[in-house]
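Asker: Sharing a structure below in structure tokens format, with a few things to ask.
The values are calculated or read from the model by the stated rules, or taken from the named source; none is laboratory data. Quantities reported herein were computed from a predicted structural model and do not represent experimental measurements. Note: ideal-geometry Cβ built from the backbone for every residue, glycine included; neighbour counts use all protein chains shown. For the accessible areas, the whole protein counts, side chains as well, though only heavy atoms, and no ligand, DNA or RNA atoms are used. Shrake-Rupley method; radii C 1.70, N 1.55, O 1.52, S 1.80 Å.
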Amino acid sequence: MVAIIDYNAGNLKSVEKALRFIGEESIITGDYHEILCADKVILPGVGAFGSAMEQIKRLELHKAIEEVTEKGTPFLGICLGLQLLFDGSEESEGVEGLHILPGAIKKIQGEPGMKIPHVGWNSLEIKPGATLFQGIPNGAYVYYVHSYYLEAKDPEIVTATTQYGVNIHGSVEKGNVFACQFHPEKSSTVGLSLLKNFAGLKGECAVC
């Protein structure tokens, strides 16, 4: 069972639909116990960094996220869900992120003729051996919707990058924690393959 964390940030149903398509059972939940007992956990999301963190703290979901990531449950952040895992964002100065991974979220500085937000399909430069990209060819295209991007403090955790005026850290991996700035649930067969790889991960057995 995959728990999709509900903190009123949208994009939940599309993730649920993609998981159903690949035959994976999931539940959309904000319940601490259900999140803790899940085999895998996904933190999706669209919207503003500050208001998202406010909701997570209000619902005390940060405690569940910290616990499942610490105990080894496979965890995937998507889009805003990736950004929230890091230290903070230029979108919401002074608001602290979850500090699960080290790094900062910065605003894409557009060049002449470059559209911001960054919306559309872009190719990935994939790090060889990256867990979620097994069977996915280098240069594969994925779908982005964002105005802010990750600059990870530790380049070793970066598993895929995209060029869009800046070098966007499009995906990261550290232990049982994975995240991608793009939307796998909207990235056709490439995204579904990534979700299948995530669904196939083994984590610590939940005792509930």
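Asker: At 1.4 Å probe size, with the rest of the protein present, what percent of the exposed accessible area of region 122-198 is carbon and sulfur atoms?
Answerer: 49 percent
Asker: Here's something else I'd like to know. Could you size up the charge dipole of region 105-208 around its Cα centre, putting +1 on the beta carbon of Lys and Arg and -1 on that of Asp and Glu, and report it in debye to the nearest 20?
Answerer: With Lys and Arg at +1 and Asp and Glu at -1, about 160 debye.
Asker: In deg cm²/dmol and to the nearest 500, what is the mean residue ellipticity at 222 nm of the chain if only DSSP H runs of at least 4 residues count, each as -39500 (n - 2.57), divided by the residue total?
Answerer: -7000 deg cm²/dmol
Asker: Over region 95-208, with a single point scatterer placed on each C-alpha, what log10 of the ratio I(q)/I(0) does the Debye formula yield at q = 0.17 1/Å?
Answerer: -0.85
Asker: A follow-up question, please. Take every Cα pair under 8 Å in region 1-135 that's 6+ residues apart, average their separations, divide by the length, and report that relative contact order as a whole percent.
Answerer: Details: 197 pairs, mean separation 26.4, N = 135.
The value is 20 percent.
Asker: If the viscosity is 0.890 mPa s and the temperature 25 °C, what translational diffusion coefficient in µm²/s does Stokes-Einstein give for the chain when Rh comes from Kirkwood over Cα pairs?
Answerer: 146 µm²/s
Asker: Return the whole-Å distance between the Cα centroid of region 154-193 and the Cα centroid of region 84-120.
Answerer: 14 Å
Asker: Then there's this: With θ taken as phi - 60° and the coefficients 6.51, -1.76 and 1.60, list the Karplus ³J(HN,Hα) couplings across region 16-26 in order, rounded to whole Hz; mark glycine and proline as x.
Answerer: My calculation for region 16-26 gives 4, 5, 5, 5, 4, 4, 8, x, 9, 6, 9 Hz in order.
Asker: Roughly how many Å² is the accessible area per residue of the chain, as a whole number, for a 1.4 Å probe?
Answerer: For the chain, the per-residue accessible area is 45 Å².
Asker: Now for a separate question. If you keep only loop residues by DSSP, which trypsin sites (Lys or Arg not before Pro) in region 93-187 have at most 15 other Cβ atoms within 10 Å of their Cβ?
Answerer: Filter output for region 93-187: Lys115, Lys153.
Asker: Give, as a single signed number, the net charge of other residues whose beta carbon lies under 9 Å from the beta carbon of Pro74, with Lys and Arg counted +1 and Asp and Glu -1.
Answerer: Neighbour charge sum, excluding Pro74 itself: +1.
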